[in-house]
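Working notes for the structure below.
The values are calculated or read from the model by the stated rules, or taken from the named source; none is laboratory data. Just so you know, these numbers come straight off a predicted model, no measurement behind them. Ideal geometry is used to build each Cβ from the backbone, glycine not excepted, and the neighbour counts take in all protein chains shown. Ligands, DNA and RNA are excluded from the accessible area calculation, which covers all protein heavy atoms including side chains. Shrake-Rupley method; radii C 1.70, N 1.55, O 1.52, S 1.80 Å.
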Amino acid sequence: MDTKTLTKDSPESSSAAKLLSVKDVCAGYDESLILKGVSIEVPERKAVALLGRNGVGKTTLLNTILGTVPTKSGSIEFDGQQIHSMAADRRARMGIGYVPQGRDIFPGLTVWENLNVSLRVSGSRGIEAEKRLDSVYDLFPVLKDMLKRKGGVLSGGQQQQLAIGRALLLKPKILILDEPTEGIQPSIIDQIEDAIYSIRKKGEMSVILVEQYIDFARNACDSFYILERGSVVEKGPIARLDDGLVERYLTV
Ligand SMILES: Nc1ncnc2c1ncn2[C@@H]1O[C@H](COP(=O)(O)OP(=O)(O)O)[C@@H](O)[C@H]1O
Ligand SMILES: [Mg+2]
């Protein structure tokens, strides 16, 4: 862990209670160790950007939090419980919502059926289900116009909106988004950005956002971590993410 002086607004000293705390985690695949002692904290109702060039271990860290990559050493605490030895499905049921890199929808089901799968899994019914759906349509009005279309015929950006909508209907305590704007046209990037901004403002959940599009991360998040070769090399309140850091760690 780096020893930089933490400012008042940094994740560790934030007055908000922490929801997720990853401590000194080492993890990887078979023989290859990818994460080399990573520590990050996500306070309740705050959005944290996880940044770094391709291949530094961002997705691996997300998968370690989700439980699809095993934790070799270190600990992960979520909502007051140690979760690093728990099965992935149990972690998901505790409220870890995930929108993976690429679009996680059922292409052969309609938009409505895709949303309905999440409603059923979350056990939402009646007025409660209507309210949840309305909040997703508020964020992404296009979905309401396309309920009868098959997921697979939507544009990439619309599929991403559907994937985020599905994750939200599961009522997560934390929403984890892995490069939601990758390969998406600018007009829809703005809508996704607005949606994440609005999720964060409502304060209903925490967010981890992995993003290459730095302005998006700046607008959507409260704090940031930068990974390089499996270690956290910089962190702090989002205002500290200046052009120097971007140049040093994030440009190609
Ligand atoms: N399933 C896997 N098996 C083996 N190595 C992997 C696997 N997934 C990723 N890696 C390796 O782990 C490193 C980190 O990858 P990743 O976490 O996907 O980085 P990022 O998301 O920051 O681009 C890379 O060297 C990548 O090749
Ligand atoms: Mg990745």
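Exactly one condition in (1) of a type outside the set (A, V, I, L, M); (2) modelled with pLDDT under 95; (3) open to solvent by 30 Å² or more (accessible area, probe 1.4 Å) is false for Ser124; which is it?
The number of the failed condition is (3).
Read through the list (1) at pLDDT below 90; (2) at negative phi, then give the number of the only condition that Gly244 fails.
Just one mismatch for Gly244, condition (1).
Please indicate, with yes or no, whether at least one residue in the stretch 36-44 is within 16 Å of ligand 2 (Cβ to nearest atom) and part of a strand (DSSP E or B).
Yes - at least one qualifying residue is present in the stretch 36-44.
A quick yes/no check of all residues on (1) surrounded by fewer than 16 Cβ atoms within 10 Å (Cβ to Cβ); (2) away from ligand 1 (no atom under 16 Å from the Cβ):
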{"position": "Arg53", "(1), (2)": "yes, no"}
{"position": "Thr60", "(1), (2)": "no, no"}
{"position": "Leu66", "(1), (2)": "no, no"}
{"position": "Val69", "(1), (2)": "no, no"}
{"position": "Glu77", "(1), (2)": "no, yes"}
{"position": "His84", "(1), (2)": "no, yes"}
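Let me confirm something: among Gly183, Gly157, Gly203, which residue is open to solvent by 20 Å² or more (accessible area, probe 1.4 Å) and more than 14 Å from the chain's Cα centre (by Cα)?
Gly183
Does the stretch 88-97 contain any residue that is under 19 Å from Gln161 (Cβ atoms) and in contact with a helix residue (DSSP H, G or I) (Cβ under 9 Å, 6 or more places away or on another chain)?
yes
Quick one: what pairs do we get from the stretch 172-189, first residue on the phi > 0 side of the Ramachandran plot, second within 16 Å of ligand 2 (Cβ to nearest atom), C-beta under 6 Å, 6+ apart or different chains?
Close Cβ pairs (under 6 Å, with a partner that is within 16 Å of ligand 2 (Cβ to nearest atom)) amount to Glu179/Gln101; Glu179/Val210.
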